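Take a look at the structure set out below.
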Amino acid sequence: MDYGFDSWIYSILDLEKALERFSTNGVRFIEISFEHLSKISRNGVADFNALKKVKELGESLAVEIIQVHGPFGDIDFDSASEDYNRRSKALEKVCSWLKCISEFEWGVLVLHTARLGSSQEYDSLSLLEKTKLANIRFFKEVSKHASDYGVKVAIENRLENGYCSLPRDLMELVDSVGSDYLGICFDTGHAYVNKLNMESTLKSIREFLIATHIHDNNGFEDQHLPPMMGSIDWENLMRTFLRVNYPKPLILEIHEYGKLELDDNVLKASMILMNELVKSVQK
């Protein structure tokens, strides 16, 4: 069972320096974080030339980029907008990343769901239904372009208690869109805060699972801690990953600490813990 890291842990460095740091510490697999993505884009659109240098450096260091965390925040609301121009701009940004991922063979683009802002215009059920329809509409558009580029898109289970924080929502969304280029990114920390049974959730989404975000917390806050530093039952969860035959490296999404020495220590500690977990469950 292989694993790697989201580059967020080294977000105080530029991406090229971060890749060098990962290589030095023996990390083979990487997800480009949103934090790094935002630094190498122009108005939210991918900078192809900057990313080409990243691709070349990664190859020289034997560090493989297998996922890219797409933009989130304002774009989540833009992608749900009834305003065609706002939605088109959001789609343009996503397509710029799909193009780069296709060109550089970086695997999967991870995206958050589209969100509608709270409004007195809707009651809770109406807001939920409109959010569902907005997501089906947007991800049908995204999936068409993903198919053209030959790149898969993974929808991440949300932290916020609402649409697509639950596995059934995600599975129904993927089914409704009906594209072979759309799947699910399972975020362990988000699922745990939402009080989901981790093992049954993972089993239920196994056929849709194409990306992961692995991290721990206390069950109440999205802390992005290394495994074994919160209260998730990691041995059972790791055994479940083995049982569902997830074929890709797990991606640890650990937050940065703002000081390089601390980031190095947390990375090394995370690797020690993961190595012990892997040994334990593979006995």
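Conditions tested, residue by residue: (1) more than 26 Å from residue 56 (Cα to Cα); (2) touching a Lys or Arg at 6+ places or on another chain (Cβ under 8 Å); (3) not hydrophobic (A, V, I, L, M, F, W, C).
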| residue | (1), (2), (3) |
| --- | --- |
| 105 | no, no, yes |
| 138 | yes, yes, no |
| 143 | yes, no, yes |
| 153 | no, no, no |
| 163 | yes, yes, yes |
| 166 | yes, no, no |
| 184 | yes, no, no |
| 200 | yes, no, yes |
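Of all the residues that make up the stretch 68-86, how many are among the aromatic types (Phe, Trp, Tyr), surrounded by 12 or more Cβ atoms within 10 Å (Cβ to Cβ) and not in a loop (DSSP other than H, G, I, E, B)?
1
Being closer than 15 Å to residue 104 by Cβ, in contact with an Asp or Glu (Cβ under 7 Å, 6 or more places away or on another chain) and surrounded by 13 or more Cβ atoms within 10 Å (Cβ to Cβ) is true for just one of 32, 65, 40. Which residue is that?
Numbers: 32 fails: in contact with an Asp or Glu (Cβ under 7 Å, 6 or more places away or on another chain); 65 fails: in contact with an Asp or Glu (Cβ under 7 Å, 6 or more places away or on another chain).
After ruling out the rest, the residue left standing is 40.
Among (1) under 19 Å from residue 256 (Cα atoms); (2) part of a helix (DSSP H, G or I); (3) at pLDDT below 95, where does residue 51 come up short?
All conditions are met except number (1).
Yes/no per residue for (1) of a type in the set (A, V, I, L, M); (2) modelled with pLDDT under 95; (3) more than 26 Å from residue 239 (Cβ to Cβ):
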position: 151; (1), (2), (3): yes, no, yes
position: 160; (1), (2), (3): no, yes, yes
position: 175; (1), (2), (3): no, no, yes
position: 178; (1), (2), (3): no, no, yes
position: 181; (1), (2), (3): no, no, yes
position: 185; (1), (2), (3): no, no, no
position: 188; (1), (2), (3): no, no, no
position: 193; (1), (2), (3): yes, no, no
position: 207; (1), (2), (3): no, no, no
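If you scan the stretch 237-253, which residues turn out to be out of contact with any Phe, Trp or Tyr (no Cβ under 7 Å at 6 or more places or on another chain) and in a loop (DSSP other than H, G, I, E, B)?
244, 245, 246, 247, 248
Taking the condition more than 23 Å from residue 251 (Cα to Cα) and part of a loop (DSSP other than H, G, I, E, B), does residue 90 pass?
no
Residue-by-condition table, conditions (1) under 27 Å from residue 7 (Cβ atoms); (2) touching a Pro at 6+ places or on another chain (Cβ under 8 Å); (3) at pLDDT 95 or above:
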residue	(1), (2), (3)
110	yes, no, yes
117	no, no, no
138	yes, no, yes
141	no, no, yes
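Within the stretch 141-236, which helices (runs of 4 or more DSSP H) (wholly inside it) include 2 or more residues that are surrounded by fewer than 17 Cβ atoms within 10 Å (Cβ to Cβ) and out of contact with any Leu (no Cβ under 9 Å at 6 or more places or on another chain)?
167-177, 198-204
If you take the residues in the stretch 237-263 that are among the basic types (Lys, Arg) and surrounded by fewer than 17 Cβ atoms within 10 Å (Cβ to Cβ), which one is farthest from residue 8 (Cα to Cα)?
243
Restricting to the stretch 211-228, count the residues that are polar (S, T, N, Q) and under 13 Å from the mean Cα position of the chain (by Cα).
The total comes to 1.
Go through (1) buried (at least 17 other Cβ atoms within 10 Å of the Cβ); (2) touching a strand residue (DSSP E or B) at 6+ places or on another chain (Cβ under 7 Å); (3) free of Cβ contacts under 8 Å to residues at least 60 places away in the same chain for residue 47 and report which single condition fails.
Every listed condition holds for residue 47 apart from (1).
The values are calculated or read from the model by the stated rules, or taken from the named source; none is laboratory data. Computed from a predicted model, the values in this text were never measured in an experiment. Counting neighbours? That spans all protein chains shown, and the Cβs are built from the backbone with ideal geometry, glycine included.
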